[in-house]
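What follows is one structure encoded as structure tokens, with my remarks underneath.
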Amino acid sequence: MSTYDHFEECPFGPLSEHMAKVKECVALVEPMFDAVGKGNFDELRTVCEKAFKIEHEADEIKTEIRRRIPKSFYLPIYRGDLLAYLKLQDDMADSVEDVAVGLMIKHLSLPEPIAADIREYVRRVLKTCEYLFECTDQLTALTEDDLDGPKVGHILELVGKAEHAEWRADKAQFSLAQKLFAMDDVMRATDIMLWSNVFRELGRLANHADNTAERLRRMLVR
């Protein structure tokens with residue numbers, strides 16, 4: 001019997017396989033920026049191509065879950081919520097792919113005056129994701145009886161931390177954008193545009209993590 005045949009017992013079990021791929025994608029974000037910082041574009045290409053491959057694998061798992069999720073018998077979690085949650089998870093992998101594309105369009109150099117700010121912004125985005133991952137790591141052990149118990153209370157605390165981390169990431173993004181556009185006298189307009197797009201996609205990654213956490217709260221608080 002496959003993982004997908006246990007939706008009625010633990011609806012989060014099959015979703016964990018998909019989330020594992022999302023986590024693999026997100027784990028590649030920092031190495032992408034490390035490669036850009038070193039000016040090693042062969043390394044960047046290798047990391048980005050790995051992200052593209054994992055994102056595609058996540059899409060395949062998403063499609064299988066959508067096909068196999070029960071339509072007729074009892075689930076402790078509303079089916080529509082599960083599918084919306086799956087979509088938000090998948091959006092995270094899509095955002096990592098978009099960050100990779102943005103970094104590969106041309107050989108961008110890490111702007112030295114704001115390099116530390118960029119690295120801090122990346123850390124804040126990834127911290128938002130980490131709090132979400134802490135939540136989801138505990139989901140597969142949940143049973144219907146746990147949905148009103150202390151385990152859920154701990155997960156909801158982590159959801160709150162994810163929301164706060166995303167707020168901090170938003171503030172970092174705004175500050176970074178101001179510093180980036182203030183460099184229009186020393187940077188090419190095309191480079192400013194490309195970095196701005198990369199920062200926006202990173203922000204979307206944090207937003208998707210926050211939205212996934214919020215959807216999780218909606219499923220657990222009944």
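Here, each number is a calculation from the coordinates, and none is a lab measurement. Computed from a predicted structure; not experimentally measured. Positions of Cβ are generated from backbone atoms using ideal geometry, with glycine treated the same way; all protein chains shown enter the neighbour counts.
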Under 28 Å Cα to Cα from K106, which lysines show up? Leave out anything in the same chain fewer than 8 places away. K21, K23, K38, K50, K53, K127, K171, K179
Along the positive direction of the dipole of region 3-220 (beta-carbon charges: Lys, Arg +1; Asp, Glu -1; about the Cα centre), which of I61, Q173, A209 reaches farthest? Q173
Cβ-derived FRET efficiency at R0 22 Å, A20 paired with I105, nearest 0.05: 0.15
Gained length - R119 relative to A84, 0.36 nm times residue gap less alpha-carbon distance: 9.5 nm
Which FRET efficiency, nearest 0.05, do R66 and E157 yield, Cβ-Cβ r, R0 25 Å? 0.25
For region 103-222 the mean separation of alpha carbon contacts under 8 Å (6+ apart) over residue count, i.e. relative contact order in percent, is 40 percent
